[in-house]
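A short worksheet on the structure shown next.
The values are calculated or read from the model by the stated rules, or taken from the named source; none is laboratory data. None of the values given here were measured: they were computed from a predicted structure. So basically every Cβ, Gly included, is an ideal-geometry build from the backbone, and we count neighbours across all protein chains shown. To get the accessible areas, we keep the full protein, side chains included, count just its heavy atoms, and leave off ligands, DNA and RNA. Shrake-Rupley method; radii C 1.70, N 1.55, O 1.52, S 1.80 Å.
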Amino acid sequence: MPAEKIKFYNLSIPERLDWLAEKAGLDAADLDALRGGLTADQADHMIENAVGVFGLPLGVAQNFVVNGREVLVPMAIEEPSVVAGASFMARLARAGGGFSASASAPEMIGQMQILDLDDPHAARLKLLEQRERLLAEAGEIDPVLKRLGGGPRDIEVRVIEDSPIGSFLVLHLIYDVRDAMGANAVNTAMERLTPSVEHITGGRAHLRILSNLADRRTARARCTIPLPELAFGDFPAGQVRDGVIAAWAFAAADPYRAATHNKGIMNGVDAVVIATGNDWRAIEAGAHAYAAREGRYTSLSTWGMDRDGNLTGSLEMPMAVGTVGGATRVHPAARAALKLMGIQSAGQLAEIIVSVGLAQNLAALRALATEGIQRGHMGLHARQVAIAAGAEGEEINRLADQLVAEKAVRVDRAEEILREWHS
Ligand code: MEV
């Protein structure tokens, strides 16, 4: 059954889970994991001083077609309208063939800072002369990665001049981490290379750590929204398209707007990153550093128009996510989330994530360029306000509807109405 026909949002939670089980071949344990997430005992093995778990809503975005494949996308997020926005924009994109996405090789960068050098320029050349030896040594560090076809790919060395502590060297090890996020593999490699690097340079290795500016491990998505799909309410399609493009131009030109524009992209990106147990701080750090890579912070996405007047969008950003190791394997809901998407590799996951980021960006720009963001937000926000004011059961929707109708979505007013109802 095509995703649009079932009105997933109208089902109860048990019905939604049953539907997912049938559609994606999930078993009872997967459904339990999606419903319940992590136990406190499991959490105790993940971090120190664990006292419990902190829940986030987990939704499933509909209508996504990525590289011709239908995919149900798990999203862990507390913000209303995000899952609905992504699903709706995925439907518009679907009419234009869905998202075309690709991912680069999973190459991470490990950094080593080398201090106390008499001649940093000569030390740089000595390291480059020993490139093959260093790569061979790094290649022996992780036999599992080696067997899977990963491992070191290249070495780069830069001299940093005139820093507050004088000159020093920075060595980059480019390391293919296959389906891992890669932090452990890279950090281990950097520490293990220390004696050789110190021997070659005569200097002292200081910091040894991966870089979150994973600009050699990017994912890209693009989509075309057929012009007629853009019309809604009183807004003609051409006006919506031009409005989205003008909104993007604002973000492209102005860092204050770009930060908010990119935050909208990250609403979609982070929700999938979190649902799959990946490190969203790493993804955030990489995204914003990448957005500023040319010296001025700008939009991660671009929007334009093709020859037929259709709206076209694209997004490219670092995407250091893994499908093996870390929380992706330990967290039962993360495992079920990967299964739900039918993911075979980290690259495939990265492709889905950037597609969701692009859809989310369009949802925000389309709303901002037309009726404004508050209208869509208010319905669900009103429900949160109603719950915060103490509403329970069916009171929640009734109170939320009244708050929206009164255009007074505030806790004080919600409490007042509840007092009236209960008196
Ligand atoms: C809110 O979470 C995200 C937006 O601010 C994004 C944007 O302004 O593009 C709506």
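Consider segment 252-311 and keep the residues that are within 13 Å of the ligand (Cβ to nearest atom) and part of a strand (DSSP E or B). The one that is nearest to L349 (Cα to Cα) is S301. Scanning segment 11-28 for residues that are farther than 17 Å from T276 by Cβ and assigned to a helix (DSSP H, G or I) yields a total of 11.
Residues checked against (1) more than 24 Å from R220 (Cα to Cα); (2) touching a Cys at 6+ places or on another chain (Cβ under 8 Å); (3) at pLDDT below 95:
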| site | (1), (2), (3) |
| --- | --- |
| G110 | no, no, no |
| E129 | yes, no, no |
| P152 | no, no, no |
| I160 | yes, no, no |
| N184 | yes, no, yes |
| M190 | yes, no, no |
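Of all residues in segment 313-342, which are in a loop (DSSP other than H, G, I, E, B) and of a type in the set (V, I, T)? Hits for segment 313-342 are V321, T323. With respect to L117, is the statement that it is touching a strand residue (DSSP E or B) at 6+ places or on another chain (Cβ under 7 Å) and either at positive phi or not in a loop (DSSP other than H, G, I, E, B) (or both) true? Criteria not met by L117. Counting only helices (runs of 4 or more DSSP H) that sit wholly inside segment 127-193, those with at least 1 residues that are farther than 27 Å from W280 by Cα and of a type outside the set (K, R) are 131-139, 143-147.
Considering the conditions (1) open to solvent by 10 Å² or more (accessible area, probe 1.4 Å); (2) under 30 Å from D308 (Cβ atoms), P120 is excluded by exactly one of them, (2).
So that you can scan it fast, the table gives a plain yes or no per residue for (1) in contact (Cβ under 8 Å) with a residue 12 or more places away in the chain; (2) open to solvent by 10 Å² or more (accessible area, probe 1.4 Å); (3) outside the structural domain of G59 (by TED's automatic domain parsing); (4) among the small types (G, A, S):
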position	(1), (2), (3), (4)
R329	yes, yes, no, no
A336	yes, no, no, yes
G347	yes, yes, no, yes
E351	yes, yes, no, no
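Yes or no: segment 226-249 includes at least one residue that is more than 16 Å from the ligand (Cβ to nearest atom), open to solvent by less than 50 Å² (accessible area, probe 1.4 Å) and under 23 Å from the mean Cα position of the chain (by Cα). There is no residue in segment 226-249 that is more than 16 Å from the ligand (Cβ to nearest atom), open to solvent by less than 50 Å² (accessible area, probe 1.4 Å) and under 23 Å from the mean Cα position of the chain (by Cα).
For first residues located in segment 46-70 and more than 23 Å from P332 (Cα to Cα), partners that are open to solvent by less than 70 Å² (accessible area, probe 1.4 Å) and of a type in the set (D, E, K, R) and lie 6+ apart or on another chain with Cβ distances below 8 Å form the pairs N63/R94; F64/R94; V65/R94; V66/E351; N67/E351.
Considering each of G166, G149 in turn, give the residue that is open to solvent by less than 50 Å² (accessible area, probe 1.4 Å), under 22 Å from V321 (Cα atoms) and free of Cβ contacts under 8 Å to residues at least 40 places away in the same chain.
Just one listed residue meets the conditions, G149.
Just to be sure, is S104 out of contact with any Phe, Trp or Tyr (no Cβ under 7 Å at 6 or more places or on another chain), under 20 Å from A320 (Cα atoms) and in contact (Cβ under 8 Å) with a residue 12 or more places away in the chain? So S104 passes the test. Screening segment 40-67 for residues that are open to solvent by less than 70 Å² (accessible area, probe 1.4 Å) and assigned to a loop (DSSP other than H, G, I, E, B) and picking the one that is nearest to T224 (Cα to Cα) gives G55. For segment 197-215, residues that are assigned to a helix (DSSP H, G or I) and either closer than 30 Å to D306 by Cβ or open to solvent by 30 Å² or more (accessible area, probe 1.4 Å) (or both) total 2.
Per-residue answers, yes or no, for (1) modelled with pLDDT of 95 or more; (2) open to solvent by 60 Å² or more (accessible area, probe 1.4 Å); (3) of a type in the set (F, W, Y):
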| position | (1), (2), (3) |
| --- | --- |
| V354 | yes, no, no |
| N361 | yes, no, no |
| Q374 | no, yes, no |
| G379 | no, no, no |
| I387 | no, yes, no |
| N397 | no, yes, no |
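Being over 28 Å from L56 (Cβ atoms) and either buried (at least 20 other Cβ atoms within 10 Å of the Cβ) or β-branched (V, I, T) (or both) narrows it down to one residue among T260, T218, T194; which is it? Only one candidate passes the filter, namely T194.
Residues to consider are A95, A76, A33; find the one that is farther than 30 Å from I225 by Cβ and either in contact (Cβ under 8 Å) with a residue 40 or more places away in the chain or open to solvent by less than 60 Å² (accessible area, probe 1.4 Å) (or both). After ruling out the rest, the residue left standing is A33. Here the condition is being open to solvent by less than 30 Å² (accessible area, probe 1.4 Å) and in contact with a Cys (Cβ under 8 Å, 6 or more places away or on another chain); of G309, G313, G286, G322, it holds for G313 alone.
What number of residues within segment 343-371 are hydroxyl-bearing (S, T, Y) and either assigned to a loop (DSSP other than H, G, I, E, B) or within 16 Å of the ligand (Cβ to nearest atom) (or both)? Residues meeting the conditions: 2.
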